[in-house]
Amino acid sequence: MNAVAEAEKATSGEIRVHIESKCRGKVLDRAAWLFKKLGMTKTAERNGVLFYLAVTEKKFAILGDSGINSVVHAGFWDEVRDHMQKRFME
């Protein structure tokens, strides 16, 4: 989790990583449910980011709250996703 702490130093956002072996349901639905359950919508600036990974099924999702989504460019999360997929394949 050192990488998360380092990333949080460079931003006001709150980053969480949730890892489980299997995804119950659709990956985005599961990530959205966890986002809310973990209280990610309660950050002061609505700038929480959740990285969700279901390792056995090789599924993942990235969700940002409204505050962070309003300041990143269109397609930002798709770029992050694509970069992560490339790194997972290495």
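Give the total of Lys-Lys pairs in the chain with Cα-Cα distances below 14 Å; include a pair only if its members are 8 or more places apart or on different chains. Show your work: numbers first, answer last.
Numbers: Lys22/Lys58; Lys22/Lys59; Lys26/Lys58; Lys26/Lys59; Lys58/Lys86; Lys59/Lys86.
So the count works out to 6.
By how many nm would the segment from Lys26 to Val80 grow when fully extended, if each residue of separation counts as 0.36 nm and the alpha-carbon distance is taken off? Working shown, then result.
Details: separation 54, 0.36 × 54 = 19.44 nm, distance 1.97 nm.
Full extension of this stretch gives 17.5 nm more.
Counting each DSSP H run of 4 or more residues in the chain as -39500 (n - 2.57), what helix-only mean residue ellipticity at 222 nm follows after dividing by all residues, to the nearest 500 deg cm²/dmol? Could the numbers behind the result be given before it?
On the way: 4 runs with 37 residues, N = 90.
Value at 222 nm, helices only, nearest 500: -11500 deg cm²/dmol.
Is there a quick way to get the dipole size of the stretch 28-88? I mean about its Cα centre, with the Cβ of Lys and Arg at +1 and of Asp and Glu at -1; what is the value in debye to the nearest 20? Mind dumping the intermediate values first?
Working: 10 positive and 7 negative charges, 50 e Å.
For the stretch 28-88, the charge dipole is close to 240 debye.
Angle, helix 76-89 long axis vs. longest principal axis of the chain, Cα atoms, 0 to 90°, nearest 10?
It works out to around 40 degrees.
Computed from the coordinates by the stated procedures, all read-outs in this text should not be read as laboratory data. The shown structure was predicted, so the numbers you read here are calculated from the model rather than taken from an experiment. Cβ coordinates were reconstructed from backbone atoms using ideal geometry, including for glycine residues, and neighbour counts include every protein chain displayed.
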